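J.: The following block contains the structure, expressed as structure tokens.
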Amino acid sequence: LFIVPTHTWDSVNKENPYFDVKKTEPCIGILSKIAAFRKDAVRSLHPTHSVAVFGKNATEFIRGEENVASPAPVGSCLSRLYEENGKILLVGVGHERNTYLHSVDERLNIPDRLNPDTFEITIKDYDGNLIKSPPFHTHYTSTINTCVSDFYPNYKDAFDYAGAVTYSKLGNATVYCCDARKMTDVVKKL
């Protein structure tokens, strides 16, 4: 499978708790916007961290995403990259944009990562049905005024040492090829 993040966390929030799988635009760049609405893609119903999936069994891979209660819980598409021995490509960005690491935080039950103040999100599916999410927890840290993602580059040396990330170039962009299982195992030990 080829999976492209089509996240909408910037526009689907407590003030605007609505996600339409066919219309809500991703907030993370042009490639995500293109992938989200391609006819050969299957976009998940995750209201804030949807993905567009291409390939055999894509529909099965995204099944149940409308039932998640946080951005990357165990069992979600992002988290399952661990079980599937998936790889994450970061093109022209570093670990501060490595959303997979949120699933590691959730898998390891790192404290102070999910907002205790929940809200419901209305999800409009492919058939026009309206679904209510369970009480949803956004990412959050109570003790700092910055996103925890800003600290993920601090893992770089440990990932490099463990061989969890390899590097190449695409044009002028540095490409990180990250091994989901190895990165998770490194963070477990830190």
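J.: Only one residue in 80, 113, 63, 43 is under 12 Å from residue 5 (Cα atoms) and either modelled with pLDDT under 95 or out of contact with any Gly (no Cβ under 6 Å at 6 or more places or on another chain) (or both), so which one is that?
T.: 43
J.: Moving on to the next point. Given the structure, is residue 112 at positive phi and surrounded by 13 or more Cβ atoms within 10 Å (Cβ to Cβ)?
T.: Details: at positive phi: yes; surrounded by 13 or more Cβ atoms within 10 Å (Cβ to Cβ): yes.
Criteria met by residue 112.
J.: Please name all residue pairs, on different chains or six or more residues apart, with Cβ atoms under 7 Å, provided the first residue is in the range 111-125 and is among the aliphatic types (A, V, I, L, M) and the second residue is at pLDDT below 95.
T.: Between residues of the range 111-125 that are among the aliphatic types (A, V, I, L, M) and residues that are at pLDDT below 95, the close pairs are 114/139; 114/140.
J.: Tell me, which residue of the range 86-109 that is in contact with a helix residue (DSSP H, G or I) (Cβ under 6 Å, 6 or more places away or on another chain) and β-branched (Val, Ile, Thr) is most open to solvent (accessible area, probe 1.4 Å)?
T.: Only one residue tops the list, namely 88.
J.: Moving to a separate point now. Going by the conditions given, is residue 104 within 20 Å of residue 23 (Cβ to Cβ), within 13 Å of the chain's Cα centre (by Cα) and not in a loop (DSSP other than H, G, I, E, B)? Break it down into steps so the answer makes sense when it comes.
T.: Values: within 20 Å of residue 23 (Cβ to Cβ): no; within 13 Å of the chain's Cα centre (by Cα): yes; not in a loop (DSSP other than H, G, I, E, B): yes.
Judged against the criteria, residue 104 is not a match.
J.: Could you tell me whether residue 131 is surrounded by 14 or more Cβ atoms within 10 Å (Cβ to Cβ) and in contact with a helix residue (DSSP H, G or I) (Cβ under 6 Å, 6 or more places away or on another chain)?
T.: Working: surrounded by 14 or more Cβ atoms within 10 Å (Cβ to Cβ): yes; in contact with a helix residue (DSSP H, G or I) (Cβ under 6 Å, 6 or more places away or on another chain): yes.
Judged against the criteria, residue 131 is a match.
J.: If we scan the range 125-139, do we find a residue that is among the hydroxyl-bearing types (Ser, Thr, Tyr) and over 19 Å from residue 51 (Cβ atoms)?
T.: For the range 125-139, residues among the hydroxyl-bearing types (Ser, Thr, Tyr) and over 19 Å from residue 51 (Cβ atoms): absent.
J.: Still on this structure, please answer the following. Filtering the range 31-85 down to residues that are more than 20 Å from residue 149 (Cβ to Cβ) and β-branched (Val, Ile, Thr), which residue is least open to solvent (accessible area, probe 1.4 Å)?
T.: Ranking the qualifying residues of the range 31-85, first place goes to 53.
J.: If you don't mind, there's one more thing I want to ask. Report the residue count in the range 120-149 for those that are hydrophobic (A, V, I, L, M, F, W, C) and part of a strand (DSSP E or B). Give the derivation first.
T.: First, pick out the residues of the range 120-149 that are hydrophobic (A, V, I, L, M, F, W, C): 121, 123, 130-131, 136, 144, 147-148.
Still in the running and part of a strand (DSSP E or B): 123, 130-131, 136.
Residues meeting the conditions: 4.
J.: If you don't mind, another one. Could you check the range 168-190 and list, in sequence order, the residues that are of a type outside the set (A, V, I, L, M) and not in a strand (DSSP E or B)?
T.: Narrowing the range 168-190 to residues of a type outside the set (A, V, I, L, M): 168-169, 171-172, 174, 176-179, 181-182, 184-185, 188-189.
Across the range 168-190, the qualifying residues are 171, 172, 181, 182, 184, 185, 188, 189.
J.: Another question about this same structure. Among the residues of the range 155-164, are any more than 29 Å from residue 63 (Cβ to Cβ), surrounded by 18 or more Cβ atoms within 10 Å (Cβ to Cβ) and aromatic (Phe, Trp, Tyr)? Outline the logic, then answer.
T.: Narrowing the range 155-164 to residues more than 29 Å from residue 63 (Cβ to Cβ): 155-163.
With the extra rule that they be surrounded by 18 or more Cβ atoms within 10 Å (Cβ to Cβ), the set shrinks to 155, 159.
Filter once more, so that each one left must be aromatic (Phe, Trp, Tyr): 155, 159.
Yes: the range 155-164 contains one or more residues that are more than 29 Å from residue 63 (Cβ to Cβ), surrounded by 18 or more Cβ atoms within 10 Å (Cβ to Cβ) and aromatic (Phe, Trp, Tyr).
The values are calculated or read from the model by the stated rules, or taken from the named source; none is laboratory data. Predicted model only: the values in this text are computed from it and were never measured. Counting neighbours? That spans all protein chains shown, and the Cβs are built from the backbone with ideal geometry, glycine included. For the accessible areas, the whole protein counts, side chains as well, though only heavy atoms, and no ligand, DNA or RNA atoms are used. Shrake-Rupley method; radii C 1.70, N 1.55, O 1.52, S 1.80 Å.
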